[in-house]
Structure formats: C-alpha cells, structure tokens
Amino acid sequence: MFISDCRREFYDVIVSQRVLLLVASDVDALCACKILQALFQCDHVQYTLVPVSGWQELETAFLEHKDQIKLLVKQDDDLDVPAYDDIFRDEEDEEEDSENESDGSEPSEKRRRFEEDVIERTMKRRQRREWEARRREILFDYEQYEYHGTSSAMVMFDLAWIMSKDLNDMLWWAIVGLTDQWVQEKITQMKYVTDIGILQRHVSRHNHRNEDEENSLSIDCMRIAFEYDLRLALYQHWSLYESLCNTSYTSASLKLWSVQGQKRLQEFLADMGLPLKQVKQKFNSMDMSLKENLREMIEESANKFGMKDLRVQTFSIHFGFKNKFSASDIVYATASLMENIEKEGPETTNFIKALDSLSRGNLDKLHQGLDLAKKQLRAIQQTVASCICTNLVISQGPFLYCSLMEGTPDVKLFSKPVSLCLLSKYLLKSFVCSTKNKRCKLLPLIMAAPMDVEQGTVIMVGIPPETESSDKKNFFGRAFEKAADSTNSRTLHNHFDMSIIELKTEDRSKFLDALVSLLS
C-alpha cells in the first residue's frame, strides 16, 4: 500500500489491511521505515517490506504486488498539489481566444459591441498573462528542484506522536533521519537548526517521562542527550588525528592535500597542546585529563585557524553504560552498510543489514558499519587530494567537471550514488578552498565515475554551488533530461534523486556539450 499522506486518518485506514512498504535506499527512508514497522508491530499489522533503489525496482514491485496496492488520497485534505487549471489550458479556451482576436479585426456596426469586444479581449490577455506567471512559478518549484527539506523520518515520528505511540527508539530514528539530510547536505543549516529545536523538545519530554522508570539505570537502558559536539566524523570511534584528516570541513579548511596544509595541521595540534602520540591513538585510549576539556581546546584553536563552524548541535545516544554514539556516527555507518561493495549474498542483503543496524540489539552490525565508514571516508579524502593535485577539476564554462578514470583507486566504491555524492560535495568544498579563481568558486560541479565497465556506462551526479547562501536546491535533474533529449544520448534516469543519472560512455562528450549550451 503506497501512502501519499501520513496523517492519522490514513493510518487508521491501512491498519485494517495488509500493507506493502516500498522503501528507498537512503538512511532517512530507512529510519522512516523503522518507525512505521514499530507502529505496525504495536497494532499487529501484517506488512510486506520491499526495498527499492530506483524507479525500475519501484515499477517491478508495483507490478508484482498490484493486487494489494491502493492509492490513498483524502479529497478535502490540503496536499499542496496545484489545481489542473493552474497548469493546463483547454484547447477550447485557446480556440475561443484566437476566434475573438480574429473577429475583432473588423469593426462592428455598433460602437458599443466593438468596445465590449475590446474590453473582453484585454481582460482575457491579462488573465492569460497572470495564468502564465502563476504556472511558471508552480513549475519552477515542482520541476526544477529536488528536495523540499522535510525528513520522512520526522514526518513518521510526528504521526506516532499524534497517535500517542511515540517511543524513545522512534525519536532516535527521527533524529538519525534528520542528521542524514544534514550530512548529505539536502537541507540548509537554518532548516537543520530549526528541526533540531523541535526534536530537542521531544527529547526533553521523553527524558522527563523516563526519569521515574525503574529501568532508567539498567544495563539495557537507552538515553538520548542533546549536546554541542565537534564537527569531526567518527572521532569517538577513531583517532582524533584520522578524524581531522578525513573530515571534509577540516580537510578543506586546512588544505590537507598540500605540504603546507600538513604543516598547518601540525601547528593546529601544537596550538591545542595535544601530544602527537595521544591524538594518533584511539580516542577511547586517550588520557582522561585531555578528553575532559578536549572540545573547548579544539574550538578555541579552530577559531584561530579560520574554522569557526567546528561546533554543531546534535544528539548522542547511550546504550547501557559503555556504548555511546552520535547521530552522525549512525548515519555514516548505516549508509556504508547499504553501499557495501563486497558481495555477501542476494541484492537485498546490504539493505537488511543497514536496517538491522538501526536497532539497539544489533551493535555488532553497527560496528561493522563504522569500520566500513572509515574506509569510505579515507577513500574519499585520498580521491579528493588526487583530483586537486592532478588538476582533474576543470571549468566547462557554466559548471565545473571532474571525471574519475577506470583504474583509479577505490573507483568501484564511487559507482554507488551516495558515495559518489559525498565525494562530489567534499571535492567541491576542497576545490573552492584551493582555487584563486573567484568565478569558479560560484560554479556547480558535475562528476562522473565508471558504473559498469562491461556495459560501458558511467554514473554522473550534479552538485549545486558551494556558497554560504546556498538553499540546497538542485537544478541538474531537469538539465540532464533536456540535454539527453536534445542529443539522443542513451541515459537512464533511474534514481529517485533526479540529479543522478547513468550514461553510455561514448555519449558523454555530446551530452556534456549539450549541457554547456543549455546552461550557458
């Protein structure tokens, strides 16, 4: 059953039937799925879970389960869907307009009739101009951009809260879903901070509710805490040195791909007064005296080195007394499990592992995901350094372009959409910090990587410009479609994110030429 709105009325309808869950392969969607699964379990609802990575799999799942699929749309609900008349004009209206214009070419024998015709035509022209302006505005919002900034996990948690069935686990999944959108840069910093505030109120409510419960101090307890943490990837499960080197923000700010950047890193560590031996060992093994004031020490030195946004609002979770994870730790681990390139079984194996890693009873899978995430982040930073040092990022006029060649280290990893998107965003950040060309700092980036060597395909992603005022809207989806149509390029628009496409390698040149012409 495909749910087009998640209000309680719809939920009340579907719980009486067998449900089909079609889940996209991204962390936010997985978190939304976990919340729905928990709700269904509460109400003893039977369901079928079908992971779908793109439109083709969605169509296949739809055809296989079409007998149990119903589309639920409430007639009197405001779904923000534009009206038919706002988008289309009937042919009869067009013909009537044209007939009126032709009739007006000859004056009527009666002056009054002539004046009425003139007034009527003027009004219709004005109405048409207003309709065209309204239509352009609507299509601009609906066709041009992806991502309207709402976490599906937060929507599902809101549903659970309205039904008074929200649990601590559901709240944590909503937090992870929002954090995924922030890590993937699908929402603005302002939207992230606003939603963090909403979730913080829920966390306070849950913590207050659980204060008097007997299991609040048990070994199986689960505790969520709001905190200001460091913008360093996986640092509590890594060494501080590795995290500094492989976090996009610090790597780009210090320009760690250069010799001068490595010197700045040593100066940064010296300014904090941290011995190199301490920062290169596992975080958990560092001296407690250093860890107590570590965040304040790093923030103070970071400000001196131009890294003023190293502190971020987030949440952490404690499982029992030992295991502590930040929301971003879970995002990196789950995403890495989903895109694990090591074959371990059927196509859905990675999806099931990633879904299971979100449950607190599967910490072994979560730790496996953390190890994969470290490998992924190392591969990304090494590739970024290679691309910048070898000048692989070139300006094509209206956009920057970078292509990874077959044989590049870890290139197989970047045949996956989430990994390629992360690489592209990290590369654009680093390039903006490294280039002296002011115009290039304002350009978007298109990046390509080998997809399937045997079939001769590449995967290509478009990233919006790296600017402080960026609203995270991406226009490349429509641009890719138009470029493919105008050149008859063999493309596959299979991903839910329309700014990601698959393209035949031999069609790449004419496709890029069309994009340059289209965006110039």
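Looking at segment 257-315, which trypsin sites (Lys or Arg not before Pro) are DSSP coil and have at most 16 other C-beta atoms within 10 Å of their C-beta?
Counting only loop positions with at most 16 other Cβ atoms within 10 Å, the trypsin sites (Lys or Arg not before Pro) in segment 257-315 are 280, 308.
May I ask you to order 380-389, 404-413 by the average number of other C-beta atoms within 10 Å around their residues, highest value first?
Numbers: 380-389: 19.6, 404-413: 14.8.
Most protected by this proxy first, the peptides run 380-389, 404-413.
Which one, 493, 391, 475, projects farthest toward the positive side of the charge dipole computed for segment 371-506 from Cβ point charges (K/R +1, D/E -1)?
Looking along the dipole axis, the top candidate is 391.
Over 29 Å between Cα atoms: which of 343/441; 429/482; 277/416 fall into that group?
Distance filter (> 29 Å) returns 343/441; 277/416.
Structure shown: which of 375/412; 165/186; 263/304; 191/425; 34/191; 186/304 lie over 21 Å apart, alpha-carbon to alpha-carbon?
Correct reply: 165/186; 34/191; 186/304.
What does the net charge come to around residue 505 if you take all other residues with beta carbon closer than 14 Å to its beta carbon, with K and R at +1 and D and E at -1?
Taking every Cβ under 14 Å from that of residue 505, the sum is -2.
Roughly how many debye, to the nearest 20, is the charge dipole of segment 337-376 about its Cα centre, given +1 on each Lys and Arg Cβ, -1 on each Asp and Glu Cβ, and no other charges?
In total the dipole reaches around 140 debye.
How many percent of all Cα-Cα pairs in segment 371-520 sit more than 21 Å apart? The partial results should precede the final answer.
Values: 4581 of 11175 pairs.
Distances greater than 21 Å cover 41 percent of the Cα pairs.
Ignoring ligands, DNA and RNA, what accessible area per residue does segment 354-443 give at 1.4 Å, in Å²?
Spelled out: the 1.4 Å probe surface of segment 354-443, per residue, equals 42 Å².
The values are calculated or read from the model by the stated rules, or taken from the named source; none is laboratory data. Please read these numbers as outputs of a predicted model, since none were measured by experiment. No Cβ is skipped: glycine too gets one built from the backbone with ideal geometry, and neighbour counts run over all protein chains shown. Note: accessible area is taken over every heavy atom of the protein model, side chains too, but ligands, DNA and RNA are not part of it. Shrake-Rupley method; radii C 1.70, N 1.55, O 1.52, S 1.80 Å.
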